[in-house]
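Written below as structure tokens is the structure these notes are about.
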Amino acid sequence: MPTYEQLQHLSPEQFRRACGVKLQTFNRLVEVLAEAKAKQKPGRPSVLSLENQLLLTLEYPREYRTYFPIAQSWGIHESTVCRMVQKTENTLIKETDCH
């Protein structure tokens with residue numbers, strides 16, 4: 001999947017087709033992730049931006065790929081993909097459940 005930097009120049013319809021959610025929804029999810037990250041203690045920085053972490057997380061159920069090929073396409077380790085998907089999903093579930 002292309003990175004967020006590559007997708008942000010697409011039309012809203014093309015963006016939705018590429019990642020499975022509307023651009024407004026994507027931006028709101030990034031805001032939720034950023035708010036949750038601001039509440040956490042600082043730790044080791046991620047190699048991917050929040051936008052790319054969300055894209056990676058959306059790619060997992062959308063394309064039915066396992067962690068290994070996703071890791072290869074993003075240039076990170078398989079276990080990093082697993083942790084990133086779980087953390088992003090859990091954060092979105094927790095933070096959007098109370099709103």
Checklist entry - Does region 29-49 include one or more residues that are in contact (Cβ under 8 Å) with a residue 24 or more places away in the chain, surrounded by fewer than 17 Cβ atoms within 10 Å (Cβ to Cβ) and of a type in the set (Ser, Thr, Tyr)? => result yes
Checklist entry - What residue, of Val47, Val81, Val85, is aliphatic (A, V, I, L, M), modelled with pLDDT of 95 or more and farther than 18 Å from Leu29 by Cα? => result Val81
Next on the checklist: Quick test of your reading of the structure: Leu23 fulfils all but one of (1) surrounded by fewer than 12 Cβ atoms within 10 Å (Cβ to Cβ); (2) in contact with a Pro (Cβ under 8 Å, 6 or more places away or on another chain). Name the failing condition by number.
Outcome noted: (1)
Next on the checklist: Checking the structure you have, find out if any residue of region 17-26 is at pLDDT below 95, part of a helix (DSSP H, G or I), in contact with a Gly (Cβ under 7 Å, 6 or more places away or on another chain) and of a type in the set (Lys, Arg).
Outcome noted: no
Checklist entry - helices (runs of 4 or more DSSP H) wholly in region 33-99 with at least 3 residues that are of a type in the set (Val, Ile, Thr) and within 21 Å of Leu23 (Cα to Cα) - which ones? => result 78-97
Checklist entry - Residue check: is Leu58 within 10 Å of the chain's Cα centre (by Cα) and in contact (Cβ under 8 Å) with a residue 40 or more places away in the chain? => result no
Checklist entry - If you go through region 63-99 one residue at a time, how many are surrounded by 14 or more Cβ atoms within 10 Å (Cβ to Cβ), touching a residue at least 40 places away in the same chain (Cβ under 8 Å) and among the β-branched types (Val, Ile, Thr)? => result 2
Item to check | Pair list, Cβ < 8 Å and 6+ apart or interchain, from region 7-18 residues that are surrounded by 12 or more Cβ atoms within 10 Å (Cβ to Cβ) to residues that are among the polar types (S, T, N, Q) | outcome: Phe15/Gln8
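The values are calculated or read from the model by the stated rules, or taken from the named source; none is laboratory data. All values derive from a computational prediction rather than experimental measurement. Note that we place each Cβ from the backbone using ideal geometry, even for glycine, and neighbour counts take in every protein chain shown.
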